[in-house]
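Since the structure comes first, as structure tokens, the remarks are kept for the end.
The values are calculated or read from the model by the stated rules, or taken from the named source; none is laboratory data. Note that this is a predicted model, so its numbers are computed, not measured. All Cβ positions, even for glycine, are placed from backbone atoms using ideal geometry, and neighbour counts span all protein chains on display.
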Amino acid sequence: MHRRHVLSLAGAAGVAASVCEPVVAWAQTQAFRAGQDFLPVSPAAPVDAPDGKIELIEFFWYNCPHCNAFEPVLARWVKSLPADVAFRRVPVAFQSSFVDQQKLFYALEAMNLVDKLHARVFAAIHAERQQLTTPQAIAAWIGRQGVVAAQFTSHFQSFATETKARRASQLTDAYQVQGVPALGVAGRFYTDGELTRNMNRALDVVSFLMDQVRAGR
């Protein structure tokens, strides 16, 4: 793999702890610095948010243990985002073997099953040690979740899903994502656990960056 997971074991412990502890609002009390806590994205990455909304992206990979540790923290944090923020997840494919999991996510999205099954995918892989890396294994697992496998497979193999997976990879390159989990803001800023030293702090950096966007900076 040419790119790396960025969350250290120490950072993962911090994220796990934050499930039970409120996120400290560093962004309100401290400034963060370009090149140290985040990176400007140049040229700017494409944005797909409605006018007047700040696009926030999480880049992830289902097989990444750090994304698994981060998911419950992120899911809780996202619920408290202001109304002017448009959040979305983007699955990465640092190599061709990741593409089927990209398509898994976009098939779930097309069927309005992300809220129901996104966290379950992580649990199946990381807690139950299931190998959801092929279309056959993915479809079999989906069938065990009470979803009609044929309907899922239709979405999984669709042109729309293929297109979304390609665009996800293009966006990953546009943001110059080096590892996951990572966060992109408004097509203009990028941060990850390596830059911020743990993903809990990355959320504070993102809050700071969204304030910068609101202020027109």
Item checked: Options Val6, Val24; residue that is at pLDDT below 95, outside any helix (DSSP H, G or I) and either farther than 24 Å from Gly187 by Cβ or not hydrophobic (A, V, I, L, M, F, W, C) (or both) -> Val24
Margin query: Condition first: among the aliphatic types (A, V, I, L, M) and part of a helix (DSSP H, G or I). Now tell me which residues in the range 152-177 satisfy that.
Written below: Ala160, Ala165, Ala168, Leu171, Ala174
Checklist line | Residue list for the range 62-79, filter: within 16 Å of Ala202 (Cβ to Cβ) and either acidic (Asp, Glu) or in a loop (DSSP other than H, G, I, E, B) (or both) | finding: Cys64, Glu71
Margin query: Of the residues Ala149, Ala160, Ala137, Ala174, only one is out of contact with any Phe, Trp or Tyr (no Cβ under 6 Å at 6 or more places or on another chain), at pLDDT below 95 and of a type outside the set (Asp, Glu); which?
Written below: Ala149
Note to self: Being part of a helix (DSSP H, G or I) and buried (at least 18 other Cβ atoms within 10 Å of the Cβ) narrows it down to one residue among Asp115, Asp100; which is it?
What the structure shows: Asp100
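Residues checked against (1) farther than 16 Å from Phe189 by Cβ; (2) of a type in the set (S, T, N, Q); (3) at pLDDT 95 or above:
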site	(1), (2), (3)
Gly14	yes, no, no
Gln28	yes, yes, no
Pro43	no, no, yes
Ile54	no, no, yes
Ile57	no, no, yes
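Name the one entry in Thr161, Thr172, Thr191 that is in contact with a Lys or Arg (Cβ under 8 Å, 6 or more places away or on another chain) and of a type in the set (Ser, Thr, Tyr). Before the answer, list the steps.
Numbers: Thr172 fails: in contact with a Lys or Arg (Cβ under 8 Å, 6 or more places away or on another chain); Thr191 fails: in contact with a Lys or Arg (Cβ under 8 Å, 6 or more places away or on another chain).
Testing whether each residue is in contact with a Lys or Arg (Cβ under 8 Å, 6 or more places away or on another chain) and of a type in the set (Ser, Thr, Tyr) leaves just Thr161.
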Checklist line | Close pairs (7 angstrom Cβ cut-off, 6 or more residues apart or separate chains): within 16 Å of Val114 (Cα to Cα) in the range 135-163, among the β-branched types (Val, Ile, Thr) and surrounded by fewer than 18 Cβ atoms within 10 Å (Cβ to Cβ) anywhere | finding: Ala139/Thr153
Note to self: Can you confirm whether Arg217 is surrounded by fewer than 20 Cβ atoms within 10 Å (Cβ to Cβ) and modelled with pLDDT under 95?
What the structure shows: yes
Checklist line | Filtered residues of the range 118-138 (kept if more than 20 Å from Ala150 (Cα to Cα) and either of a type in the set (Val, Ile, Thr) or part of a helix (DSSP H, G or I) (or both)) | finding: Ala119, Phe122, Ala123, Ala124, Ile125, His126
Checklist line | Residue list for the range 117-134, restricted to those being farther than 19 Å from Pro181 by Cβ and free of Cβ contacts under 8 Å to residues at least 24 places away in the same chain | finding: Glu128, Arg129, Gln130, Gln131
